[in-house]
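Right, one structure below, let's go through it.
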Amino acid sequence: MFIAFERKIAARYLRARRGERFVSIIAIFSLIGIALGVATLIIVMSVMNGFRQELLSQILGLNGDIGVYGATTALTDYDAMSAKIHGIPGVTGAFPIVQGEVLMSGPQGGATGGVARGITPEGLEQLPTVSSHVVAGSLADLTGDDTIAIGGSLASQFGLSIGSQLTLILPQGKATVIGTIPSIQSFRVVAIFQTGMQQYDSSFVFLPLGAAQTLFQQPSVATQIQVFVADPDHDDAIKQAIANAFPDRALNVQDWRQNNDSFLAAVTVEGNVMFLILTLIILVAAFNVISSLIMMVKDKARDIAILRTMGASSGAVMRIFLMCGASVGVLGTLIGFGLGVTFCAYIDQIRLFVQRLLGVKLFDPTIYYLEALPAKLNWHQVTEVLVMSLILSLLATIYPSWRASHIDPVETLRSE
């Protein structure tokens, strides 16, 4: 498409000579703008993908993919229901839980709200977010009526260790002859876990199923049955199969999307808005390409006129300046791609270095609920960013190149 003569002229125009430094500086700034725009877009989208993946993995790792609730009556035959659901193809685990809100208090005073969950030993083993992140004690000791497993942040807050006592206070309390009084019960800490998600490590505690039923005054009752499936993204058929397995029961079957719809919607909208906003950086850099090419065309008007009188066609002149502008866009896009991918690969190390350098905390886990800054490259998104940058860069070269191809050599040389 581009002959050697056109490539040679374009390469010569890209090399600044004395008296042409200003045009070259504008082109360099255009290249830097495109590179930074592409890199920023890749980094921000990757971080948002990482946030989404980490939060969903933590949420699903603790709450399951599908929840089965009793629509009108409590789940009293939860063991038989769990066994039946586990037999459905595609289901990898099903177990009952009892869950409720409590007020937690340590031996040294102070209190905080949280969630107490009663669970079977088999069910706890199927929660890798907890079972694979025990930092002290053992989940095997979570038996009896007075044992509890707590998060690392909660243990630090109250100064708890293995063997310490944690008091749970039930807000609704017990009805007595003198009125309703809070239900208070102390539990012995037998395990401390660290999931890496601040929200769970500071507010979730686990009890044996029987102990939770006693605490919440729900003997032989389960709040829900948590179900894990092989493919959470395609669980509609399994939801229908669960409903069909109990035709005589009124059940409310909800998957992880329904339970976290507000979170997923917020992340999706935020991602789309950030993509649109950061695209403006590349668009501004593309306008810089237009301005630098227009100045180059104006500066090279005499050269263009001479080329036309020597037999160069208007198409050849247009292709020369297309190559000049496209070279800036392509090189800037490639540099931005390399910078963005490299930054994503070492993003947490870079964060720690900047924190040590500035002496400030850039990523507070108590705010973001994660202890590390995640980044996940989505190559489909990266390809979209690269294609968009190349298209904008190419479109930015069309008008200046068209102007160059329509310069009248007679009028230009006459004015010279």
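The values are calculated or read from the model by the stated rules, or taken from the named source; none is laboratory data. Computed from a predicted structure; not experimentally measured. Cβ sites come from the backbone with ideal geometry, for glycine too, and all protein chains shown count toward neighbours. We work out accessible area using only protein heavy atoms, side chains counted, and drop any ligands, DNA or RNA first. Shrake-Rupley method; radii C 1.70, N 1.55, O 1.52, S 1.80 Å.
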Open item on the list: Looking at the stretch 251-274, can you tell me whether even one residue there is at pLDDT below 80, out of contact with any His (no Cβ under 6 Å at 6 or more places or on another chain) and either part of a loop (DSSP other than H, G, I, E, B) or under 17 Å from Ala35 (Cβ atoms) (or both)?
Closed with: yes
Task: Residue that is nearest to Gln157 (Cα to Cα) [pool: residues in the stretch 203-235 that are part of a helix (DSSP H, G or I) and of a type in the set (S, T, N, Q)] - done: Ser203
TODO: Could you please let me know if Gln240 is at pLDDT 85 or above and in a helix (DSSP H, G or I)?
DONE: yes
Open item on the list: I'd like the full set of residues that are over 22 Å from the mean Cα position of the chain (by Cα), open to solvent by 50 Å² or more (accessible area, probe 1.4 Å) and touching a residue at least 60 places away in the same chain (Cβ under 8 Å), limited to the stretch 256-301.
Closed with: Leu283, Val284, Phe287, Asn288, Ile294, Met295, Asp299
- [ ] Determine whether the stretch 60-82 contains at least one residue that is under 30 Å from Thr279 (Cβ atoms), open to solvent by 60 Å² or more (accessible area, probe 1.4 Å), modelled with pLDDT under 80 and β-branched (Val, Ile, Thr).
- [x] no
- [ ] Please tell me if Val227 is in contact with a helix residue (DSSP H, G or I) (Cβ under 9 Å, 6 or more places away or on another chain), of a type in the set (A, V, I, L, M, F, W, C) and either open to solvent by 20 Å² or more (accessible area, probe 1.4 Å) or touching a residue at least 40 places away in the same chain (Cβ under 8 Å) (or both).
- [x] yes
- [ ] Can you give me the number of residues within the stretch 180-201 that are surrounded by fewer than 21 Cβ atoms within 10 Å (Cβ to Cβ) and either under 24 Å from Val134 (Cα atoms) or among the polar types (S, T, N, Q) (or both)?
- [x] 9
Open item on the list: Condition (residue is open to solvent by less than 30 Å² (accessible area, probe 1.4 Å), of a type in the set (S, T, N, Q) and touching a helix residue (DSSP H, G or I) at 6+ places or on another chain (Cβ under 9 Å)) applied to the stretch 151-159: is it met by at least one residue?
Closed with: yes
